[in-house]
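Everything below concerns the one structure shown next.
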Amino acid sequence: MSHIGTQIGDLVVLEDRRVFETDVLVIGGGAGARAAIAANEAGAKVALVDKGVFGKAGITQLSFGIVCAYLEPPDNADVLFSDMIRAGEFLNNQKLVEVFAEEIAAGKVLELEGKYGFVFDRMENGGLVRKKMGGHSYARDLVVTWNDAPCIWRGVIGDLTKRGIEVLSEIAITDLLTCHGLCVGALGIDIVSGDFIVFRAKSTVLATGGLGQVYKFTDNSRGSTGDGFAMAYRAGAELRDMEYVQTMLGFAWPRALRGIGIGEPALVGGKLFNVKEERFGEKVDPINIDNTPKDVHGRAVLREIREGRGTKHGGVYFDLTRMGTEKQPHYYYLYPLAANVGLDLSKDYAETVPVEHYFMGGVYVNENHESSVPGLFAVAEVASGLHGAERLAGCSVADVTVFGYRAGKKAAEKALRSGNPKIDWEQVAKYQTKVVDLLKRKTSGKGVRPVAIKNMIRELMWEHAHLLRHEKGLKTALEGLRRIREQYLPRMKMSSDSPRWNYDWIEALETANMTMVAEMILRSALARTETRGAHAREDYPKKDNDNWLKNIVTKCVNGKMKLTTRPVVVTKLKPGE
Amino acid sequence: MPKPNMTVHVHRFDPTKDNEPRYKSYKVPIEESMTVLDTLMYVNDNIEPIAFRYECRFWDCGACGVMANGRPVLACKQAAQDGMKIGPLPIFPVIKDLVVDIGSYYRKRSQLRPFIERVRKPKEFPEPEVTYEVAQKYRQYVDCIDCLLCQVVCPVLKKPGTKFIGPALITYIARFAVDSRDELDRVTIALSEGLSECTLCGECNKVCPKGRNIAEVDIMRLRELAKERELM
């Protein structure tokens, strides 16, 4: 058992299986850390499991720059609310946005500075450094120069340590457990030993983050393989807005930097050129050449590449030579990072592509963060509804911080009212056999390693489900995915049948999850025959309010993926107002 | 023309099966500006699986520390070299290949009360007490990513009977010692954890992937605070 941090409590043995019992099970170490704190504060027994080493794995620890945290009059919750709904093009769940905006306005992020002992950037006069980011009406984003979220998160981790919360690192959750329609915990593998553990919990909080690894280029870390979306789907939960992927410009080359985020041209003081050194942004917006929204310049970049004006390494040039002069201290870290692999950003052009950055869709949750499966809560990137069709800068770390806590609190309240959940041991046996079979399977002929299949999925999604989408491409990708499902997944083979630290095995589980979420993205993208926010269809370039003020719902019905639509959740701001 | 290759020798060891570790050689096609991590990923994805940790790929999570030709490095930062030997960080038990059990470090860290201790509640947000100077000072400490390279290289930690807890853990104490919001006596903790045993040899500074000056910013500052109170 790799219980980095605190000692694991005693496991009980039930039905010949090792069982860990807790009131609240939290899966994931970003928003999950805040959830665990809240559950502990509410008096519930809580355990947090992380697929990697807690504090190192996941995107929260890596995110940089900005957090939406400071609202000063005339700015208020209503203004933030309407900014988020307008950016999200009315696909947001307004009930969630209302709560979120009120919590930010109440200073729920800001108060953590003193409580957890980190420091937001200050100006020389002592005032907080505040940025007005794209789409925000006011300068409400606070900055912690480089290492911002890690620095906030160090405080969060400190608080977990202080409370003695049980943290289990390097546990891969394979499936959520359900019994009579309730979520009753999860089945996990201790990656180090390869042993199974049944987690029995009254409430389960899913905080597993995004799915960047489904795309060829992403700034997400290794573990972002969409596990949470796939597990919730298999458990019967409703997912929404699965067509909504956010990108940002990142490095295309050298290999060591591939996918690592750079930022918007206007923000980092950079300029984009194609291989002929033309400023192609002129074609899109001659006035604001480099000051267009993420998805607009992202699409322009992809068009240049597709039409043969890309660079040797499959990107376009990004001139960042003026970056150092543009008072952008929180981007300075890019200089040593690039210099380390022989790229002098003060002289040389970087090569860039829009990389997968954030996922707006996910598990549907109500305003108590509970999914459509009772007992299963979901929060932050794995949940949908807060950001709608496009997320504003700084609203993700804020989401993780504020909603992470709130979800943990709601989960604990529910757990403390509930009796001991009943485990369906047949289900456990079925899930465990499925996972063990992967390891022990004998394939006739040549097997395929999970990583090879992952790369196929990444290429397909990059080619057809990126910023430039059309019916033909999406159908081609779905066909490719069907081939992967029918011809490659059954031949997936591990290099070793040892369960001990066998990452091939973990990757096999991830590959199955990636196949599932890729299909959700493709089918939702195909269904939405309009262009709205981050989802743009070349064959339907206009927004269609008459038909598409709806969320697309993905759900598993009798073993089949079924898509339906629901009208958007409106409270205060009606479309068209 | 086939791409030219480089050879890397990677530590392979499963303590539950193997009597002793061995280094296995792999040929890796040379690409522009390859890092140690690039070579490990190449071998893992194209030749055979190796057990190693990594997460972020840009020196920010500190998960991929390994020994390259006998020196502790972050795999995602260190340039790859032909003939390079890649091994696990010493001083920790090997779980498999390059993955080590760092639990002892985390257990020690949690004993140091690595969180702000504060009974006095701030009256307003943002706190006027946190000035520009405080923010600048604080920044010197947040770069530490717990990669443990300094712990591995510290000669004092290798001395039998030493009380010194090592540079990375001293950083945790120093970070709170200089924070005026923290109310715990961190200097006394540092002294009881062997602060005076550090020889200021600077080996930790040389391996820090973030370029921190641990000897000066952490050790010296703590010693100054101890001297001011005539504790050393």
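The values are calculated or read from the model by the stated rules, or taken from the named source; none is laboratory data. Keep in mind it's a predicted model, so treat the numbers as computed, not measured. Here the Cβ is made from the backbone with ideal geometry for all residues, glycine too, and neighbour counts use every protein chain on show.
Annotations
- Whichever residue in region A:487-534 is within 14 Å of chain B (Cβ to nearest Cβ) and hydroxyl-bearing (Ser, Thr, Tyr) and, among such residues, is surrounded by the fewest Cβ atoms within 10 Å (Cβ to Cβ): A:SER496
- Those strands (runs of 3 or more DSSP E) lying entirely in region B:42-105 with at least 3 residues within 23 Å of B:CYS204 (Cα to Cα) and either in contact with an Asp or Glu (Cβ under 9 Å, 6 or more places away or on another chain) or more than 9 Å from chain A (Cβ to nearest Cβ) (or both): B:65-68, B:71-74, B:84-87
- For region A:538-577, a tally of residues being under 17 Å from A:LEU239 (Cβ atoms) and assigned to a loop (DSSP other than H, G, I, E, B) returns 4.
- Region A:384-410, residues that are closer than 17 Å to A:TRP153 by Cβ and assigned to a loop (DSSP other than H, G, I, E, B): A:GLY394
Residue-by-condition table, conditions (1) in a helix (DSSP H, G or I); (2) surrounded by 24 or more Cβ atoms within 10 Å (Cβ to Cβ); (3) not assigned by TED's automatic domain parsing to the domain that holds A:ARG528:
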position: A:PHE81; (1), (2), (3): yes, no, yes
position: A:GLU98; (1), (2), (3): yes, no, yes
position: A:GLY107; (1), (2), (3): no, no, yes
position: A:LEU110; (1), (2), (3): no, no, yes
position: A:TYR116; (1), (2), (3): yes, no, yes
position: A:GLY134; (1), (2), (3): no, no, yes
position: A:TYR138; (1), (2), (3): no, no, yes
position: A:LEU142; (1), (2), (3): no, yes, yes
position: A:LYS162; (1), (2), (3): yes, no, yes
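- When restricted to residues that are within 14 Å of chain B (Cβ to nearest Cβ), farther than 19 Å from A:TYR358 by Cα and not in a strand (DSSP E or B), region A:249-304 contains 3.
- Qualifying residue in region A:147-155 (condition: surrounded by 22 or more Cβ atoms within 10 Å (Cβ to Cβ) and modelled with pLDDT of 85 or more): no
- Flag if B:GLY62 is among the small types (Gly, Ala, Ser), at negative phi, surrounded by 18 or more Cβ atoms within 10 Å (Cβ to Cβ) and not assigned by TED's automatic domain parsing to the domain that holds B:GLU183: no
- Within region B:106-122, the only residue that satisfies the criterion of being at the interface with another protein chain (Cβ under 8 Å from one of its Cβ atoms) and of a type in the set (Val, Ile, Thr) is B:ILE116.
- Index of the failed condition, B:VAL152 passing every other in (1) at pLDDT 95 or above; (2) at the interface with another protein chain (Cβ under 7 Å from one of its Cβ atoms): (2)
- Residues (closer than 23 Å to A:GLN213 by Cβ and touching a Leu at 6+ places or on another chain (Cβ under 7 Å)) located in region A:401-434: A:TYR431
- Residue satisfying all of: in region B:191-219; of a type outside the set (Val, Ile, Thr) and in contact with a Ser or Thr (Cβ under 9 Å, 6 or more places away or on another chain); nearest to B:CYS147 (Cα to Cα) among these: B:ARG212
- Residues in region A:284-318 that are within 11 Å of A:LEU272 (Cα to Cα) and within 25 Å of the chain's Cα centre (by Cα): A:HIS297, A:GLY298, A:ALA300, A:VAL301, A:GLY315.
- Single unsatisfied condition, A:THR208 versus (1) closer than 22 Å to A:LYS45 by Cα; (2) without any contact (Cβ under 8 Å) to a residue 40 or more places away in the chain; (3) buried (at least 24 other Cβ atoms within 10 Å of the Cβ): (2)
- Selection within region A:422-451 - surrounded by 15 or more Cβ atoms within 10 Å (Cβ to Cβ) and either in a helix (DSSP H, G or I) or in the same structural domain as A:GLY28 (by TED's automatic domain parsing) (or both): A:TRP425, A:GLN427, A:VAL428, A:TYR431, A:GLN432, A:VAL435, A:VAL436, A:LEU438, A:LEU439, A:PRO450, A:VAL451
- Matching residues in region B:178-193 - criterion: being farther than 17 Å from B:ARG212 by Cα and touching a helix residue (DSSP H, G or I) at 6+ places or on another chain (Cβ under 8 Å): B:ASP179, B:SER180, B:ARG181, B:ASP182, B:LEU184, B:ARG186, B:VAL187, B:ILE189, B:ALA190, B:LEU191, B:GLU193
- Summed over region B:1-29, residues that are within 12 Å of chain A (Cβ to nearest Cβ), surrounded by 13 or more Cβ atoms within 10 Å (Cβ to Cβ) and outside any strand (DSSP E or B) total 3.
- Filter pass, B:GLY161 being in the same structural domain as B:ALA135 (by TED's automatic domain parsing), surrounded by 23 or more Cβ atoms within 10 Å (Cβ to Cβ) and at positive phi: no
- Note on region A:105-139: residues that are over 24 Å from the mean Cα position of the chain (by Cα), within 7 Å of chain B (Cβ to nearest Cβ) and of a type in the set (A, V, I, L, M) amount to 3.
- The residues of region A:213-227 that are in a helix (DSSP H, G or I) and charged (D, E, K, R) amount to a single one, A:ASP227.
- Top-ranked residue in region B:123-143 [being at the interface with chain A (Cβ under 7 Å from one of its Cβ atoms) and in contact (Cβ under 8 Å) with a residue 40 or more places away in the chain; ranked as surrounded by the most Cβ atoms within 10 Å (Cβ to Cβ)]: B:VAL130
- Evaluation of A:ALA512 against (1) closer than 26 Å to A:ARG441 by Cα; (2) part of a loop (DSSP other than H, G, I, E, B); (3) at pLDDT 95 or above; (4) of a type outside the set (Val, Ile, Thr) (one fails), failing number: (2)
- Region A:337-396, residues that are of a type in the set (Lys, Arg) and surrounded by 21 or more Cβ atoms within 10 Å (Cβ to Cβ): A:ARG391
- Looking across A:ALA256, A:ALA252, A:ALA266, one residue alone is under 30 Å from B:TRP59 (Cβ atoms) and out of contact with any strand residue (DSSP E or B) (no Cβ under 8 Å at 6 or more places or on another chain). It is A:ALA266.
- Residues in region A:49-85 that are more than 22 Å from A:MET242 (Cβ to Cβ), away from chain B (no Cβ under 14 Å) and not β-branched (Val, Ile, Thr): A:CYS68, A:PRO73, A:PRO74, A:ASP75, A:ASN76, A:ALA77, A:ASP78, A:LEU80, A:PHE81, A:SER82, A:ASP83.
- Some residue of region A:30-48 being outside any helix (DSSP H, G or I), under 18 Å from the mean Cα position of the chain (by Cα), more than 14 Å from chain B (Cβ to nearest Cβ) and more than 30 Å from A:GLU507 (Cβ to Cβ): no
- Some residue of region A:335-357 being under 27 Å from the mean Cα position of the chain (by Cα), β-branched (Val, Ile, Thr) and within 21 Å of A:ALA201 (Cβ to Cβ): no
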